[in-house]
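Chemist: Mind having a look at this structure? Questions to follow.
The values are calculated or read from the model by the stated rules, or taken from the named source; none is laboratory data. Only a predicted model underlies this, so the values are computations on that prediction, with no experimental measurement involved. Methodologically, a virtual Cβ is constructed for each residue, glycine included, from the backbone with ideal geometry; neighbour enumeration extends over all protein chains shown. Heavy atoms of the whole protein, side chains included, go into the accessibility calculation; ligands, DNA and RNA do not. Shrake-Rupley method; radii C 1.70, N 1.55, O 1.52, S 1.80 Å.
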Amino acid sequence: MATRNGGTVILEKSVRIISNAAAVGKKEGEGPLKSEFDLVFQDDKLGQISWEKAESELLSMAVKKALANGNTENSEVDAVFSGDLLDQCIGSSFSLRGFSIPVCGLYGACSTMALSLCAASLAIETGGFRQCIAATCSHFCSAERQFRFPLEYGGQRTPTSQWTVTGAGAALLGESRNKNLPRIEKLHLGTICDLGITDANNMGAAMAPVDVKIEP
């Protein structure tokens with residue numbers, strides 16, 4: 001079983017990323033990581049009637065592609081650990097309705113992908129789960145409506161404003177001795193560090209203290 005060294009959890013089993021996939025929007029597909037994405041959509045609404053539905057579709061596509069990349073059927077997955085940036089995790093929840101896989105909803109804001117990897121790894125470490133999917137999604141337009149102003153409002157963006165990614169990622173995890181697959185060996189959960197940043201357009205300043213806080 002897993003052991004602890006301070007705040008770090010050390011996994012005993014060989015938990016590895018069997019396959020993964022990423023689905024993104026047009027802007028992300030034009031960036032420096034464009035060759036790393038499995039699916040790039042030119043229409044940020046993906047043919048849906050709302051940004052939120054488009055976000056759900058992104059995650060659905062990413063999960064399906066991760067399963068295909070791992071030659072794995074839905075029935076072979078014990079659970080999906082996923083989340084997003086929207087109220088009650090509706091983006092990921094609505095996306096996963098048709099997979100018939102048990103779902104554990106998570107919310108970690110920008111850390112949700114890391115959080116889902118941690119949770120899925122621990123689930124496999126217990127021996128109660130064989131294969132799990134860790135996933136998350138976000139959409140620039142739905143995030144703007146959720147946290148700042150709807151795009152239809154036409155508000156001017158401030159110099160400190162950030163751009164939430166339009167994309168989704170999914171990773172299929174399982175116990176494997178294949179050394180060519182990335183292994184998750186250790187987990188470390190962070191602590192809350194709040195410097196009182198109140199500018200909703202400058203989330204970088206709010207998150208930076210934790211990003212640079214490294215324990216010996």
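Chemist: Residue by residue, what Karplus-based ³J(HN,Hα) values in Hz, rounded to whole numbers, does segment 43-51 have, using 6.51, -1.76 and 1.60 with θ = phi - 60° and x for Gly and Pro?
Modeler: Along segment 43-51, the couplings run 9, 5, 9, 6, x, 8, 8, 8, 5 Hz.
Chemist: Taking N as the number of residues in segment 58-184, what is its alpha-carbon radius of gyration divided by 2.2 N^0.38 Å?
Modeler: Ratio of Cα Rg to 2.2 N^0.38 Å: 1.16.
Chemist: Given the -39500 (n - 2.57) contribution per DSSP H run of 4+ residues, what per-residue ellipticity at 222 nm results for the chain, rounded to the nearest 500 deg cm²/dmol? Don't skip to the end; give the middle numbers.
Modeler: Values: 6 runs with 60 residues, N = 216.
Counting only the DSSP helices, I get -8000 deg cm²/dmol.
Chemist: Would you mind getting the accessible area per residue of segment 1-66, heavy atoms of the protein chains only, 1.4 Å probe, in Å²? Please report the intermediate quantities before stating the final value.
Modeler: On the way: 3540 Å² over 66 residues.
Value for segment 1-66: 54 Å² per residue.
Chemist: Once fully extended, how much extra length lies between ASN180 and ALA114, figured as 0.36 nm per residue of separation less the alpha-carbon to alpha-carbon distance?
Modeler: Details: separation 66, 0.36 × 66 = 23.76 nm, distance 2.10 nm.
The ASN180-ALA114 span can extend by a further 21.7 nm.
Chemist: Sorted by accessible area (1.4 Å probe), largest first, how do SER50, SER75 line up?
Modeler: Values: SER50 25, SER75 100 Å².
Ranked from most to least accessible, the order is SER75, SER50.
Chemist: Also, quick follow-up: Report, to two decimal places, the Cα Rg of segment 75-131 normalised by 2.2 N^0.38 Å (N = number of residues).
Modeler: Compactness ratio reported: 1.11.
Chemist: Just add up the charged neighbours of ILE10: K/R +1, D/E -1, any other residue whose Cβ is under 13 Å from the Cβ of ILE10.
Modeler: On the way: positive: ARG4, LYS13, ARG183, LYS186; negative: GLU12, GLU125, GLU185.
Charge balance in the 13 Å sphere: +1.
Chemist: Another question, if that's okay. Calculate the dipole size of the chain relative to its Cα centre from +1 charges on Lys and Arg beta carbons and -1 charges on Asp and Glu beta carbons; express the result in debye to the nearest 20. Intermediate values should be presented prior to the final figure.
Modeler: Details: 20 positive and 24 negative charges, 84 e Å.
Charge dipole of the chain: 400 debye, to the nearest 20.
Chemist: Ok, one more. Please give me, ordered by residue number, the GluC sites (Glu not before Pro) of segment 41-117 that lie in loop per DSSP and have at most 10 other Cβ atoms within 10 Å.
Modeler: On the way: sites: GLU52, GLU55, GLU57, GLU73, GLU76; in loops: GLU73.
Filter output for segment 41-117: GLU73.
Chemist: Given a Förster radius of 30 Å and the C-beta distance between ARG4 and ALA208 as r, what FRET efficiency does 1/(1 + (r/R0)^6) yield to the nearest 0.05?
Modeler: Values: r = 28 Å, r/R0 = 0.92.
My answer for the efficiency is 0.60.
Chemist: For a quick check of your reading of the filter: which chymotrypsin sites (Phe, Trp or Tyr not before Pro) in segment 140-176 sit in a DSSP loop and have no more than 11 other Cβ atoms within 10 Å?
Modeler: Values: sites: PHE140, PHE147, TYR153, TRP163; in loops: TRP163.
The qualifying sites are TRP163.
Chemist: Given a Förster distance of 30 Å, report the FRET efficiency between THR160 and ASP87 from their Cβ-Cβ distance, rounded to the nearest 0.05. Walk me through the intermediate numbers first.
Modeler: Details: r = 24 Å, r/R0 = 0.81.
Efficiency, rounded to the nearest 0.05: 0.75.
Chemist: Please report, for the Cα atoms of the chain, the Rg to one decimal and the Dmax as a whole number; what are they, in angstrom?
Modeler: Cα-based Rg and Dmax for the chain come out at 17.9, 54 Å.
Chemist: Out of the total accessible area of the chain (probe 1.4 Å, heavy atoms of protein only), what percent is carbon and sulfur?
Modeler: Working: 6640 of 12070 Å².
Within the chain, the accessible surface is 55 percent carbon and sulfur.
Chemist: Which value, in Å², gives the accessible area per residue of segment 93-216 when a 1.4 Å probe is used on the protein heavy atoms? All intermediate terms of the calculation are to be shown ahead of the outcome.
Modeler: Values: 7410 Å² over 124 residues.
Heavy-atom SASA per residue in segment 93-216 reads 60 Å².
Chemist: Lys/Arg Cβ at +1, Asp/Glu Cβ at -1, dipole of segment 1-68 taken about the Cα centre: which of THR8, ASN20, VAL63 is farthest positive-ward?
Modeler: Highest projection toward the positive end goes to THR8.
Chemist: Over segment 9-122, what number does the Rg to Rh ratio reach, with both radii from the alpha-carbon atoms and Rh per Kirkwood?
Modeler: Details: Rg = 14.5 Å, Rh = 15.1 Å.
Reported Rg/Rh (Cα atoms, Kirkwood Rh): 0.96.
Chemist: Post the alpha-carbon centroid distance, segment 1-37 to segment 97-174, in whole angstrom.
Modeler: With segment 1-37 and segment 97-174 each reduced to a Cα centre, they are spaced 12 Å.
Chemist: Considering only lysines 8 or more places apart in sequence, or on different chains, count the pairs in the chain whose C-alpha atoms sit under 28 Å apart.
Modeler: So the count works out to 28.
Chemist: Kindly write out, for segment 2-16 in residue order, the coupling ³J(HN,Hα) from the Karplus curve 6.51 cos²θ - 1.76 cosθ + 1.60 (θ = phi - 60°), rounded to whole Hz, with x marking Gly and Pro.
Modeler: Values per residue, Gly and Pro as x: 5, 10, 10, 10, x, x, 9, 9, 9, 7, 8, 6, 8, 7, 10 Hz.
Chemist: With a 1.4 Å probe and all protein chains kept in place, how much accessible area does SER138 have, in Å² rounded to the nearest 10?
Modeler: Estimated to the nearest 10 Å², SER138 gives 10 Å².
Chemist: Output ³J(HN,Hα) for segment 171-180: one whole-Hz value per residue in order, computed from phi by the Karplus curve 6.51 cos²θ - 1.76 cosθ + 1.60 with θ = phi - 60°, and x for Gly and Pro.
Modeler: 10, 8, 10, x, 7, 8, 9, 6, 6, 7
Chemist: Ignoring ligands, DNA and RNA, how do MET1, MET207 rank by accessible area with a 1.4 Å probe, largest first?
Modeler: Of MET1, MET207, the descending order of accessible area is MET1, MET207.
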